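The values are calculated or read from the model by the stated rules, or taken from the named source; none is laboratory data. The structure displayed is predicted, hence computed values, not measured ones. Quick reminder, even Gly has a Cβ in these numbers, built from the backbone with ideal geometry, and neighbours come from all protein chains shown.
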Amino acid sequence: MFTVSNVIRNKGGKYMHYGRLSGGTLKLGDTVLSSYDKDRRAGIARAHSATHMLQSALREVLGDHVHQAGSLVQDDVLRFDFTNMTAVSKEDLAKIETLVNRYILSGSDVVTDIMSLEDARKSGATALFGEKYGSTVRVVKMGDFSAELCGGTHLSNTAKAGSFHILSEASVASGVRRIEAVTGMKSVAQLQEASDLLSSVSAMFKAAPSDLPDRINAQAAEIRELKKVIEQYKAKESSGNAGSYLEKAKTIGSLHVTSAKLQDTDASALRALGDVLRDKDKAVVALLASVNGDKISYLCVCGAEAVAAGIKAGDVIRHVTAITNGKGGGKPDSAMGGGSDLSRLDESLAALDTFVSSKL
């Protein structure tokens with residue numbers, strides 16, 4: 001048995017079959033019996049005919065500037081590249097998908113004719129730009145909405161495509177967009193998957209599908225309120241901790257210098273604590289570091305008197321983060337940064353005193 005995986009027309013006009021011999025022998029002069037996978041061929045025909053309908057729908061919805069820039073048809077799967085300068089909106093994609101399905105449901109016969117290239121062009125058949133055609137061509141016509149020069153396998157009637165569903169639309173090059181879609185049973189499978197997902201979400205929210213938008217919006221509003229409450233508690237906690245950090249501060253010149261290491265404290269909590277420290281003590285220079293996994297987050301705040309004395313939070317952050325292979329920056333009174341070398345975290349915090357002393 002010889003399984004064909006590809007067919008290519010050579011320079012001499014002969015069709016070369018490439019594949020693998022999985023059993024028996026072949027020699028010149030042998031008579032062979034060919035057969036093909038009917039189910040796979042039917043899937044390719046569905047995708048190919050749907051590609052023609054898709055191009056017609058694109059031109060009707062987007063305009064006559066749309067031209068084919070490439071395509072791929074597989075078993076109930078298609079990819080179509082076309083010229084268009086901007087992304088296709090969700091509304092237009094919905095119109096295109098609906099229009100293709102209307103073409104399918106029209107039950108139009110798919111008719112093929114062999115004619116001269118000149119007659120084909122006069123009839124209005126769409127040709128692939130830049131493609132070289134012979135003196136005679138094959139025109140594939142579907143109803144009154146599609147007529148293209150094509151030599152591929154097609155359905156006998158548009159209704160046999162079953163259904164058409166667009167999976168995605170994206171850019172592949174400047175001025176070229178790509179649509180990926182499915183037909184036949186793969187389209188049915190996509191719809192079933194979407195239906196199952198919708199049912200799961202409905203069960204999760206204990207609501208009918210039609211009530212999901214309102215239920216999700218209500219849940220999102222509740223989450224936002226809970227976050228506000230959490231932030232308020234964090235702010236109160238920070239206010240309570242601020243006193244202990246200020247009590248431990250060292251006096252360098254006229255400034256109060258303090259540093260602290262925290263665990264699993266996010267950026268918003270760091271800022272809240274820093275704001276409290278800066279508001280409580282105009283002479284404070286505070287450096288806070290939080291360890292989250294293998295990353296270090298730094299915050300430095302400087303009170304008004306510290307800034308006036310020449311100590312700027314951005315300078316502090318750039319100095320200490322460099323010690324732990326990080327970087328950062330910000331305003332004179334508040335700055336943030338990050339680091340990655342946990343083994344030098346204590347060293348970076350200890351560097352604050354020396355840095356402040358060197359600036360006074």
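Take the residues of segment 274-296 that are among the β-branched types (Val, Ile, Thr) and closer than 12 Å to Ser340 by Cβ: which is surrounded by the most Cβ atoms within 10 Å (Cβ to Cβ)? If we take residues in segment 274-296 being among the β-branched types (Val, Ile, Thr) and closer than 12 Å to Ser340 by Cβ, then Ile296 is surrounded by the most Cβ atoms within 10 Å (Cβ to Cβ). From the list Leu270, Leu342, Leu255, Leu349, the one residue that fits, being more than 28 Å from Ile230 (Cβ to Cβ) and either of a type in the set (A, V, I, L, M, F, W, C) or touching a Phe, Trp or Tyr at 6+ places or on another chain (Cβ under 9 Å) (or both), is Leu255. Looking across segment 123-137, the residues that are over 20 Å from Glu60 (Cα atoms) and surrounded by fewer than 18 Cβ atoms within 10 Å (Cβ to Cβ) come down to Gly130, Glu131, Lys132, Tyr133, Gly134, Ser135, Thr136. Here Ile230, Ile223 are screened, and the one residue that is among the hydrophobic types (A, V, I, L, M, F, W, C), modelled with pLDDT under 80 and not assigned by TED's automatic domain parsing to the domain that holds Ala335 is Ile230. Residue selection: Ser168 satisfies the criterion of being in contact (Cβ under 8 Å) with a residue 12 or more places away in the chain, closer than 30 Å to Gly107 by Cα and surrounded by fewer than 11 Cβ atoms within 10 Å (Cβ to Cβ). Would you check if there is a residue in segment 139-147 being among the basic types (Lys, Arg), under 19 Å from Arg102 (Cα atoms) and part of a helix (DSSP H, G or I)? No, the conditions are met nowhere in segment 139-147. The helices (runs of 4 or more DSSP H) found wholly in segment 25-125 and carrying at least 3 residues that are touching a residue at least 24 places away in the same chain (Cβ under 8 Å) and in the same structural domain as Ala189 (by TED's automatic domain parsing) occupy 38-62, 90-105. If you check Lys295 against the conditions, is it in the same structural domain as Gly314 (by TED's automatic domain parsing) and over 27 Å from Asn325 (Cα atoms)? Answer is no for this residue. Take the conditions (1) touching a Cys at 6+ places or on another chain (Cβ under 7 Å); (2) at pLDDT 95 or above; Arg138 misses just one of them, which is (2). When the test is whether a residue is at negative phi and touching a Gly at 6+ places or on another chain (Cβ under 6 Å), Asp75 passes it. Of all residues in segment 302-351, those being within 36 Å of the chain's Cα centre (by Cα) and either buried (at least 19 other Cβ atoms within 10 Å of the Cβ) or outside any loop (DSSP other than H, G, I, E, B) (or both) number 18. Would you confirm whether any residue within segment 258-279 is in contact with a helix residue (DSSP H, G or I) (Cβ under 7 Å, 6 or more places away or on another chain), within 16 Å of Val356 (Cβ to Cβ) and β-branched (Val, Ile, Thr)? Scanning segment 258-279, I find at least one residue that is in contact with a helix residue (DSSP H, G or I) (Cβ under 7 Å, 6 or more places away or on another chain), within 16 Å of Val356 (Cβ to Cβ) and β-branched (Val, Ile, Thr), so the answer is yes. Taken together, the criteria exclude Lys261 from residues that are out of contact with any His (no Cβ under 8 Å at 6 or more places or on another chain), surrounded by fewer than 16 Cβ atoms within 10 Å (Cβ to Cβ), modelled with pLDDT of 90 or more and not hydrophobic (A, V, I, L, M, F, W, C).
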